[in-house]
Structures are given as structure tokens and as C-alpha cells.
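The values are calculated or read from the model by the stated rules, or taken from the named source; none is laboratory data. Small disclaimer: the values here were computed from a predicted structure and weren't measured. A quick note on method: Cβ atoms are made from the backbone with ideal geometry, for glycine too, and the neighbour counts reach across all protein chains shown. Please note that ligands, DNA and RNA were not included when accessible areas were found on the heavy atoms of the full protein model with its side chains. Shrake-Rupley method; radii C 1.70, N 1.55, O 1.52, S 1.80 Å.
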Amino acid sequence: MAMSVRPSKHIRTMKDLLYETELNLLECKVCFEKFSQQQERRPRNLPCGHIICQECVCSLALPRNPRLECPFCRRACRASETSDCLPVLHLMEILSSVDTDSSGSAAAEAAGGGHVQSLAPAGCTLNLVFGGWGKLINPTGLAVCLNSGCVVVAHDGKKRINVFGSTGTAIQQFGVKGDFRSDVKYALDVAVTLDGYIVVTDAGDRSVKVFDFTGRSKLVIEEAFCLPWGVDINPQNEMMVTDSDAGTLCLVVADFRKGLLKKNLKIITNLCHPQGIAVCPTSGAVVVIEHLKAAGRNGSSTRMKIFSSAFKLIGQVDSFGLSLVLPSELHATAVAFDRQANILVADAHNRIVFGLGKLEEFPTFRPIVTHGLSYPVALTCAADNSLLVLDSGDHSVKIFSSR
């Protein structure tokens, strides 16, 4: 029996290793294309130590000026100062010589090209990656329209709100700072209402703003928040907004089509720097992530509080409690509900997404995505229950499906 178990463990380890190598070492983090021996896709070292492909070096160089900025650390250099990344080229040669029959199907998958991945450990398959530096800059918020499947991302580019189709095709951009029709100064989070309007929390002027999908402003709620942060939509098509500085959770009711604010109520107070929020699309239960000033990674820890649809506290769990099931301390950066009402949590420090089960079984730890993430900052689920993860580490949206 022991002889039959050891090879399977070895193959599983090799699969994980090849998957990590392909995703983190053999792919340009600007265009998400695989490195190759061909001139346009050859890996090039920048003087700062970051690696991008030759085509992206040419694309990032300013017109009529050979200088470019590293898309990751902003250090300036000349295109002529870049050089072939010999370690990556050598690694590609080694992997290309691996016998796929002896190492299993993972080697064949790791050598393949394109954006679609057929292997992702812990129960999910990575189906699509889109965005990247140049399209998304330090993204912060993610939402999906359940009717159209369009994906909305808030980020720090010139046009703060980007709308993509379900296949990652860019459809619309808006939110230019100073444009009275679609002004967004610094977006923190985004949500899509049940009738198809985009809600943005703007830390720049401490407001909540509503737009249609063309980017036209429908409603601006000002002077009601200290620092609006997270936003989600409840089953009654009402906005739920966390106010981090005030320590409150607000219920905002509006007529989005007419652009009329009906009421703005502080329904939960005395929260500790609440940021991330998720509302169950079926029950209306609410999960809020609090940020505690305590000893821990980065000098703080997190706590999740779960409230019923009547806003009664029904459970909570902090970083210490979650760390009892893993060898390292967990730090929640985003939360969402899937279509079966399971609670999903992103941990940017451990680069994972895990599930905590349904409310009646909370908390039951289950790893969902354990590979392929750099710094997940937002989560949401599409109508088909595929998982969308906003990865600020490589400025991308990653879509996973259950296996």
C-alpha cells in the first residue's frame, strides 16, 4: 500500500510546482502572454530587476523617446538598458525537455500557451485572466452584473471605472477626475444594482456615486459619510455601505433610475474600521470585515462579523480564530457570498481564497484557491457561480470555476 501512495503524492507535488512555475515565472505580468524564445516574447530584465517581455518593453517606451518606466516600481530606464533574462530562458529549456509521460498531464498543461489554465489546486479551475498593467492600475473594487455578465472594476487609472464583457473584452471606461459627468476622484469599491446601475464609493470627496453603464452620473450622495469604503447591494436593491472612519454600516435607499435619494440610515454603529462587506443575495445576511489596531502582520488584524437580515449579530471570527486551522495568521481582505450562500474570504497575505460555509455551519474552513494569486483584494460570484478574484498584485481579474 505504501508503494502505491508515494508516487501519487510525488505527481501531485510536481503538478503544483509546474503550475506555480508557469503562472509566476514563465508569464509576462503586463500582457499575461507566455515567455518564449521568439524575439517579441523573450523575457527581458529591467535594471530594477523586474522582468517583462520584449514586446511590452517596446510598448511601454515613450514615443520618440527610448525611456520607459517599470510598470511595477516606476523606476525609469532606457530600452537599451534591458537584457535577456537568462535564468528564465534556461528554465524554459529545462521544462521543454521534461517527458510529459513521466511527469503527468501537468507538464503538458504548464507548457501550453494562452490565458486558459486547466489546472488550479484546491477545487477550482482558472479559466480566464484579463486586465493587466496599462488597463488596470492598482485596482481596488470588483463587481459583476448578474443580468449581462459584465465585470466592473474600480482602479487608479485616468478613467477610474472599467467595464469588461464576460470574456474580458473592454467595453467602457469612465470616471475621469474633474469631469462633471462622471467624476471619480479615488474609488475604493464598486457594486452593480439589480436594475443595472454602478455604485462607487469615492474616498476622494467622501461620497457615494451612482452611474449608468454609459458612465453618466445619476446620483451623488455627499456630506453623509466620513469615509465610505465597502458597498454591496441587498435583495431589496438597496445599498449597504461601510463607513470606515465613522465605524458604521449604512443602509441607503434610492430610486436609481430617477437619481433620487430616499433615505440614508446608520443601522449598525460601534464597528472598528469596517471596510469589506458582502450581502447574501438570498437571505440578506451581511458580513463585514473590521480592521483592528493590534499586534500582527502589518501591525493590524482583522475580524469578520456576521449579521442577520434584521442586522442582529449572529457570529464573528477574528484572525486568531482562523489561524487555528492554518499554520500562519490569516488576514481577511475581501468577502463575498456564492450563489449557494457560502461565505468566501480572500487573504492577501497568504494569497488564498477560502470558504467558511453557510451561516448555519459557520465557520467550517475549506480552501478554494491556494495557487496563482499575488494580492487578492476583492471577490464576487457571477450568475453561473464562477468566482471572480481581483488581484492587485498583477493588476488583473481572474475567473475560476468549480471542478
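Let me know the whole percent of all Cα-Cα pairs from segment 122-246 that are separated by more than 23 Å.
Numbers: 2112 of 7750 pairs.
Cα-Cα pairs in segment 122-246 separated by more than 23 Å: 27 percent.
Straight-line reach only, C-alpha to C-alpha below 18 angstrom: list the lysines that Lys185 could link to, leaving out same-chain residues fewer than 8 apart.
Lys135, Lys158, Lys159, Lys177, Lys209, Lys218
How far, in nm, would the chain grow between Lys258 and Asp195 when pulled straight, counting 0.36 nm per residue and subtracting the alpha carbon separation? Each step should come with its number before you reach the end.
Numbers: separation 63, 0.36 × 63 = 22.68 nm, distance 1.23 nm.
Residue separation times 0.36 nm, minus the Cα-Cα distance, leaves 21.5 nm.
Counting only residues 5 or more places away or on other chains, whose amide H sits under 5 Å from the amide H of Ser36 once H atoms are built in the peptide plane?
Here the answer is Arg41, Arg42, since their amide H atoms fall under 5 Å of that of Ser36.
By a straight-distance test (C-alpha under 28 Å), which lysines pair with Lys358 as possible cross-link partners, with residues fewer than eight away in the same chain excluded?
Once the sequence-local lysines are set aside, what remains near Lys358 is Lys266, Lys305, Lys312, Lys398.
Test of understanding: what is the full-extension gain from Lys293 to Lys158, defined as 0.36 nm times their sequence separation minus their Cα-Cα distance? Walk me through the numbers before you get to the answer.
Numbers: separation 135, 0.36 × 135 = 48.60 nm, distance 3.28 nm.
Here the segment from Lys293 to Lys158 would lengthen by 45.3 nm.
Would you kindly find the accessible area of His291, with a 1.4 Å probe and non-protein molecules such as ligands, DNA and RNA excluded, rounding to the nearest 10 Å²?
About 40 Å², ignoring ligands and nucleic acids.
Where does the Debye-calculated log10 I(q)/I(0) of segment 196-300 sit at q = 0.16 Å⁻¹, using only Cα point scatterers of equal weight, no solvent?
-0.69
Order Phe213, Phe32, most accessible first, counting only protein heavy atoms with a 1.4 angstrom probe.
On the way: Phe213 55, Phe32 10 Å².
I get Phe213, Phe32, largest accessible area first.
Under 1.5 on a/c is rounded, so check that first for segment 364-403, then, if it is not, pick prolate when a/b is larger than b/c and oblate when it is not; a ≥ b ≥ c are the square roots of the alpha carbon gyration tensor eigenvalues.
On the way: a/c = 1.91, a/b = 1.26, b/c = 1.52.
Verdict is oblate for segment 364-403.
Around Val377, what is the net charge, scoring Lys/Arg as +1 and Asp/Glu as -1 over all other residues with Cβ under 14 Å from its Cβ?
-3
Which distance in nm do the two modelled labels at Gln38 and Ser283 give, with both placed 7 Å along the Cα-to-Cβ direction?
5.1
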